[in-house]
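Comments concern the structure below.
Please treat every number below as a calculation from the coordinates, not as lab data. Given the structure is predicted, the values throughout are model-derived calculations rather than measurements. Every residue, glycine as well, gets a Cβ built from its backbone with ideal geometry; the counts of neighbours run over all protein chains shown.
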Amino acid sequence: MDVGVDVGTTVTKAVAFDADGRPLAEASRPTRLVHRSTGRFEHETEEIVASVNEVVQELAGTVGNRPGVLARIAQLFAEHGVSIEIMRQTIHRDAESNVESAELRIVTHRASEAALAATVQAVKGLDVINSVTSVLRVEGV
């Protein structure tokens, strides 16, 4: 998988691509410009680094929409020493079957590669997980 990151004037965006160049997942965060007394507009370096970390560490997956699912996932993160910063859930309903599923996007605080990999494997093993679409990571920033 390849990941492209674009830090633009108003948004930071990351897109993951499969081996054939097809987009698999994307994430974005708004960025702000600061108006300096010199009349120039600039980005704050720390904010840009944070926005890149957020979009690249976003983990997307599809899970069953049942009570307790988020608690089970959060518990696995805790057991592996990975702290969750943001967890966003979007509900989807299949038009034909009328079955609900939920898409999760999880942004973590800094974590080691080993801890994150172990967490992802544990999450994939949950019976409530239908798929893990992508795991995007930024290191060294």
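Worth a mention:
- For segment 1-56, the Cα-based Rg and Dmax, in that order, read 13.7, 47 Å.
- Charge tally for Val11 (other residues, Cβ to Cβ under 13 Å; Lys, Arg +1; Asp, Glu -1): -1.
- Shape index of the chain: Rg/Rh, with Rg the Cα radius of gyration and Rh the Kirkwood radius from the inverse mean 1/r over Cα pairs, equals 1.03.
- Part-to-part distance (alpha-carbon centres) for segment 19-57 and segment 78-141, which is given in Å: 22
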